[in-house]
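Chemist: One structure follows; several queries about it will come next.
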Amino acid sequence: DAGVTQSPTHLIKTRGQQVTLRCSPKSGHDTVSWYQQALGQGPQFIFQYYEEEERQRGNFPDRFSGHQFPNYSSELNVNALLLGDSALYLCASSLLGGHGGEQFFGPGTRLTVL
Amino acid sequence: EDQVTQSPEALRLQEGESSSLNCSYTVSGLRGLFWYRQDPGKGPEFLFTLYSAGEEKEKERLKATLTKKESFLHITAPKPEDSATYLCAVQDTTSGTYKYIFGTGTRLKVLA
């Protein structure tokens with residue numbers, strides 16, 4: 001049973017550029033949530049996708065956007081990158097818009113902005 | 001405002017020296033409290049879900065408990081391989097949202 005997968009593993013960008021991160025949820029899951037984790041901090045909720053719609057959003061600017069595809073996979077897009085966007089970006093999958101409780105995390109994408 | 005506070009920030013134990021990690025929370029409507037283990041540079045690994053005060057869950061050397069305001073993760077006779085950051089998260093049901101709110105974690109180091 002495949003767990004949550006994310007790509008790429010690492011990414012280096014320069015300020016002002018745009019980036020797209022990808023996530024495939026755990027088999028049988030229909031909901032994807034994205035988190036940003038700065039070094040030494042807990043994950044911060046960015047947004048959640050369910051039924052191809054953004055259902056919830058944390059305190060992140062509109063530069064952060066996403067998409068969910070019919071096969072439940074998801075993308076996170078960040079425009080106009082800032083140095084402060086450097087972090088580990090985590091994808092988590094769950095069932096039924098988060099009503100199912102447990103979220104299972106992928107290995108993350110380490111984004112470095114220079 | 002919803003808040004999760006974990007203590008201590010860091011903990012060093014000798015192998016076999018039992019201890020507890022604390023997670024205190026302030027949330028309007030608690031749907032669940034979750035414990036995760038995170039190794040450096042990796043994604044969090046799910047450990048336990050607790051839903052109501054008085055509930056307990058166990059897995060190997062770990063035992064999680066829940067009260068109305070806090071949760072404890074008890075580690076009995078830890079081994080070096082238990083070294084990791086332990087994260088606590090709560091799921092809030094206020095206003096129909098189900099997002100996770102994480103604490104900053106406890107970094108555990110178990111010395112051989």
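The values are calculated or read from the model by the stated rules, or taken from the named source; none is laboratory data. Just so we're clear, the structure is a prediction, and the values are computed from it rather than from any experiment. Cβ sites come from the backbone with ideal geometry, for glycine too, and all protein chains shown count toward neighbours. Just the protein is used for accessible areas: all its heavy atoms, side chains included, with ligands, DNA and RNA removed. Shrake-Rupley method; radii C 1.70, N 1.55, O 1.52, S 1.80 Å.
Chemist: Confirm whether B:Thr5 is touching a strand residue (DSSP E or B) at 6+ places or on another chain (Cβ under 7 Å), free of Cβ contacts under 8 Å to residues at least 60 places away in the same chain and of a type in the set (Val, Ile, Thr). Can you show your working first?
Modeler: Working: touching a strand residue (DSSP E or B) at 6+ places or on another chain (Cβ under 7 Å): yes; free of Cβ contacts under 8 Å to residues at least 60 places away in the same chain: no; of a type in the set (Val, Ile, Thr): yes.
When the stated conditions are applied, B:Thr5 does not pass them.
Chemist: Scanning region A:64-86 for residues that are surrounded by 19 or more Cβ atoms within 10 Å (Cβ to Cβ) and among the hydroxyl-bearing types (Ser, Thr, Tyr), which turns out nearest to A:Phe47 (Cα to Cα)?
Modeler: A:Ser74
Chemist: Here's something else I'd like to know. From (1) closer than 21 Å to B:Leu111 by Cβ; (2) hydrophobic (A, V, I, L, M, F, W, C); (3) more than 14 Å from chain A (Cβ to nearest Cβ), pick out the condition that doesn't hold for B:Ala53.
Modeler: Looking at each condition in turn, B:Ala53 falls short on (1).
Chemist: What number of residues in region B:69-101 are buried (at least 18 other Cβ atoms within 10 Å of the Cβ), within 14 Å of chain A (Cβ to nearest Cβ) and touching a residue at least 60 places away in the same chain (Cβ under 8 Å)?
Modeler: 10
Chemist: What number of residues within region A:42-85 are hydroxyl-bearing (Ser, Thr, Tyr), assigned to a strand (DSSP E or B), in contact (Cβ under 8 Å) with a residue 40 or more places away in the chain and closer than 19 Å to A:Thr20 by Cβ?
Modeler: Number satisfying all stated conditions: 1.
Chemist: Something else: Could we say that A:Gly28 is open to solvent by less than 60 Å² (accessible area, probe 1.4 Å) and either charged (D, E, K, R) or outside any strand (DSSP E or B) (or both) here?
Modeler: no
Chemist: If we scan region B:95-103, do we find a residue that is of a type in the set (Lys, Arg) and under 21 Å from A:Ala92 (Cα atoms)?
Modeler: Checking region B:95-103: at least one residue is of a type in the set (Lys, Arg) and under 21 Å from A:Ala92 (Cα atoms).
Chemist: Let me ask something additional. Among B:Thr104, B:Thr26, which is the only one that is open to solvent by 10 Å² or more (accessible area, probe 1.4 Å), polar (S, T, N, Q) and under 13 Å from the mean Cα position of the chain (by Cα)?
Modeler: Details: B:Thr26 fails: under 13 Å from the mean Cα position of the chain (by Cα).
Answer to the selection: B:Thr104.
Chemist: Quick test for you: out of A:Phe64, A:Phe60, A:Phe69, A:Phe104, pick the one residue that is away from chain B (no Cβ under 11 Å) and under 16 Å from B:Ile101 (Cα atoms).
Modeler: A:Phe60
Chemist: Tell me, please, whether a residue that is in a strand (DSSP E or B), farther than 17 Å from B:Gly43 by Cα and aromatic (Phe, Trp, Tyr) can be found in region B:65-73.
Modeler: yes
Chemist: OK, next. Among the residues of region B:50-60, are any buried (at least 19 other Cβ atoms within 10 Å of the Cβ) and in contact with a strand residue (DSSP E or B) (Cβ under 6 Å, 6 or more places away or on another chain)?
Modeler: yes
Chemist: Does A:Val113 count as of a type in the set (A, V, I, L, M, F, W, C), away from chain B (no Cβ under 14 Å) and open to solvent by less than 50 Å² (accessible area, probe 1.4 Å)? It would help to see each step written out before you state the result.
Modeler: On the way: of a type in the set (A, V, I, L, M, F, W, C): yes; away from chain B (no Cβ under 14 Å): yes; open to solvent by less than 50 Å² (accessible area, probe 1.4 Å): yes.
When the stated conditions are applied, A:Val113 passes them.
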